[in-house]
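For reference, the structure is listed below as C-alpha cells.
The values are calculated or read from the model by the stated rules, or taken from the named source; none is laboratory data. Model, not experiment: these values are computed from the prediction. For neighbour counting, all protein chains shown are included, and Cβ atoms are generated from backbone atoms with ideal geometry for every residue, glycine included. Note: accessible area is taken over every heavy atom of the protein model, side chains too, but ligands, DNA and RNA are not part of it. Shrake-Rupley method; radii C 1.70, N 1.55, O 1.52, S 1.80 Å.
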Amino acid sequence: MQSSMRGNLGFGLGLRVEHYQQVLGERPAVDWFEVISENYMVDGGKPLHYLYKIREHYPLVMHGVSMSIGSTQPLNIEYLQQLKALINRVEPEWISDHLCWTGVHGRNLHDLMPLPYTEETVRHVAGRVRQVQDYLGRQMLLENVSSYVSYQASEMTEWEFLAAVVEQADCMILLDVNNIYVSSHNHEFNPLDFLAGVPVNRVQQFHLAGHSYNGELIIDTHDHDVADPVWELYRQAVKRFGNVATMIERDDNIPPLEELIEELEIARQIAGDVREAAA
Amino acid sequence: MSGLTKIQTDFQSYVLEGGDDALQHVVGSARGSAEQRLDVYYQAYRLRLLEVIGSNYPGLKGMLSGEEFIAVCYAYIDKYPSTQPSIRWFGSYLADFLEETQADHPHWAEMACFDRVRDKAFDAADVNAVTVERLAGLAANAWSGLRFEFQPSVQKLDLLWNVCDIWRAVRKDEPMPEPELLAERTTVAVWRLDLTVCWRSMPGDEAAALVAAMNNQSFSDVCAGLCDWHDESEVPARGAGILKQWVTDGLIGRLVL
Ligand SMILES: [Fe+2]
C-alpha cells in the first residue's frame, strides 16, 4: 500500500444540495468540496448529475458515514462494492470515514457511536481498516468523532487509541477539530493533550464545524458557525500539523454559500497567521 | 461474547428499546450521568429518522397534523429499525406499515405510496428517452412486433383517494382539499423527465395498455387489449395516440424491434 498522501488541497466546503446550482453557475473561490459518499450511492437523477458536473471544476474528497469500521459485525461487502464503484466514477483525492461503529446484528443506527479505547478494539479496527484498504486499493482517512459517553472498559485516552489504530492500520487521519473540542468538554480532558498525542505525519485533513449545548453536554450539531474556542484550537492544530487541507462542515440550518465562504476566510487567515509567525 | 460485542449489543439495545444493560458500561460524571449521556444517542436516533421520513415523505408530512406525523413515525421507527447503510431507504416499509396499522385512514397509506414512488423516480437510473422522430422513422413492418423498454423511473400506482390533489396543495402551500374517494380507481404514472419528477393520471384504457406494455407485450397485443375498451375500428388510432403520448412524456427508454 502506498503511504502518506499529504499534498494540501487548501480550503474547502461540504457540498450541499442547497448550493448545487450556485456552485455550478458561479464557480465560487472554494478550493475543493467534500461530498457525503452515501448521498451518491444511487442510480441516477439530480445527485449524480450535479456531482459529475461539479467534479469537472473542483477536486472532490469522499466522506462516508456508514462503513461502521469499529462494529463487531462483519464488514458490509455490498456497501464496500458501492463505495468502490463510486470511487471509480468520481476519482476523489481521498476517502474518509469515522473511527466509530454505527450498528450491530444487522441494524443501522445512523449515528457515530464511540468505541471503548482498548487493545482489543485497536486490533479489531486496525485489521478491518487493512481489509478495506486492500479491497479499495488505496489508503483511507479515519476521523475522530464527537462523543457523549466514555466506557468503563477503556484502557487508554482517545488520542492514544487513535494513534495506535492508524499506526497498526497504516491509514491517515481526518482530524475534526470541533470534535476534539466537543469531546474534551464532555469528558473533561485538555484538548491540547489530544493534539499533542496525534502523530503529525498521519494528519491529512481537518474538519471544522459548529456545535450546540444540551444542558451540560456539548452536541456536535453542525448547525452553527464555528465557535471561537474551536478557532483557537484550530490555530494550535495548524501550528502542530502545518499546512493541512481544511474544510467546514455544515449540515443543518444551512446558510447562503457566501456566508460559508466568509467563514472559510477565517480559516485561511488563521493558517496564514501561523505560517507568517513561523517564517 | 467479546467485551466489544457485549458493549455494542447493550448500547444498541439502549438506543433501540431503552434496554438498560448499557448503563453498566458507561462512565457518568457531574457533566452528565450515564443515563443522560446514553439518552443523547437515544433521542438523536429518533429525531434523525423522523427528519429523514419528513424529507422523503413530504406529502404525508404535510397532510397529517404535526402530532399525527410524529406518532406515526415513532411507531414505525420502533417497528422497523433501519437495516441499510444508507438512511435514504429507511422509509421503504412505511406505506405497508400504514396500511396495516391505520385502517381508519386508508388515504395515509396511499399518500405514503405516492411519496415513495416519487422518491424512487427522483434518483432512478438515467436513460435517454426515445424521441418522437425515432418513432416516426420506424419502418411500417416494424410496428406489429414492436416492444418497449420503459425508463427505469417509470412506475404506476392505483389510487382510490384524491391524494395527488392533496399532495399538490401541500407542495404549493395552499389550503388542502378534504380527503375524498375518487369516482373510480385511478391509475397514476410517475416518472422522471431529465431531472424533474413528473406524474399524471391515466384513463382506464391507457392504464391497461401501460400494464400490458410494461409486461413486455408487443404493440399489436397491446392494441388487441384495447378492443375491450373501444370499437375495433377505433383501436389503431387510439393505440397510436397512446404510444405517441408515452414517447412525448419521455416514458420509453428503448424500442425493441
Ligand atoms: Fe467531522
Considering protein heavy atoms only and a 1.4 Å probe radius, which residues within the range B:34-48 exhibit an accessible-area decrease of no less than 20 Å² in the full assembly relative to the chain by itself? B:R37, B:V40, B:Y41, B:Y45, B:R48
Cα gyration tensor shape of the range B:161-209, rounded if a/c is under 1.5, else prolate or oblate by comparing a/b with b/c: oblate
Specify the inter-centroid distance of the range A:174-236 and the range B:189-257, based on alpha-carbon positions, in whole Å. 58 Å
What average count of beta carbons from other chains do you get within 10 Å of the Cβ of residues in B:21-31? 4
Can you tell me the orientation of helix B:34-56 relative to chain B, as the angle in degrees between its alpha-carbon axis and the longest Cα principal axis, to the nearest 10? 10 degrees
Probe 1.4 Å - accessible area at B:S92, Å² to nearest ten: 40 Å²
If you rank A:E78, B:E206 by how much accessible surface each has, with a 1.4 Å probe, what is the order from largest down? A:E78, B:E206
Leaving ligands, DNA and RNA out of it, work out the accessible area of B:F150 with a 1.4 Å probe and give it in Å² to the nearest 10. 40 Å²
What percent does the relative contact order of the range B:102-257 come to when contacts are Cα pairs within less than 8 Å and at least six residues apart? 34 percent
Between helix B:163-172 and chain B, what is the angle of the helix's C-alpha long axis to the longest principal axis, kept within 0 to 90° and rounded to the nearest 10? 70 degrees
Can you spot the lysines whose alpha carbon is less than 16 Å from A:K46's alpha carbon? Ignore those fewer than 8 places along the same chain. B:K120
Across the residues of A:67-80, average count of Cβ atoms on other protein chains within 10 Å? 2
Leaving out ligands, DNA and RNA, and with a 1.4 Å probe, what % of the accessible surface on chain B is carbon or sulfur? 51 percent
Each residue of A:149-155 has, on average, a number of other protein chain C-beta atoms within 10 Å of its C-beta equal to 6
Length-normalised contact order of chain A, Cα under 8 Å, at least 6 apart, in percent, tallies to 18 percent
From the Cα gyration tensor of the range B:124-257, with a ≥ b ≥ c the square roots of its eigenvalues, which class applies: rounded if a/c is under 1.5, or else prolate if a/b is larger than b/c, or else oblate? oblate
Computed helical MRE - 222 nm, the protein assembly as shown, DSSP H runs ≥ 4 contributing -39500 (n - 2.57), nearest 500: -14500 deg cm²/dmol
Just to be sure I understand: with springs between alpha-carbon atoms less than 10 Å apart, which residue in A:L109, A:L13, A:L162 has the highest mean-square fluctuation in the Gaussian network model of chain A? A:L109
Packing rank of A:176-183, A:253-260, where each peptide gets the mean count of other beta carbons within 10 Å, highest leading: A:176-183, A:253-260
Angle, helix B:3-17 long axis vs. longest principal axis of chain B, Cα atoms, 0 to 90°, nearest 10? 70 degrees
Yeah, chain A with a ≥ b ≥ c from its alpha-carbon gyration tensor (a/c under 1.5 is rounded, else prolate when a/b outruns b/c, oblate otherwise) is rounded
Could you tell me the total accessible area buried at the A-B interface, probe 1.4 Å, in square angstrom to the nearest hundred? 3800 Å²
Counting DSSP beta bridges with both ends in the range A:11-278, the antiparallel % (nearest 5): 15 percent
Need one value: the accessible area of B:K6 in square angstrom, 1.4 angstrom probe, rounded to the nearest 10. 70 Å²
Per residue accessible area of the range B:124-257, 1.4 Å probe, in Å²: 54 Å²
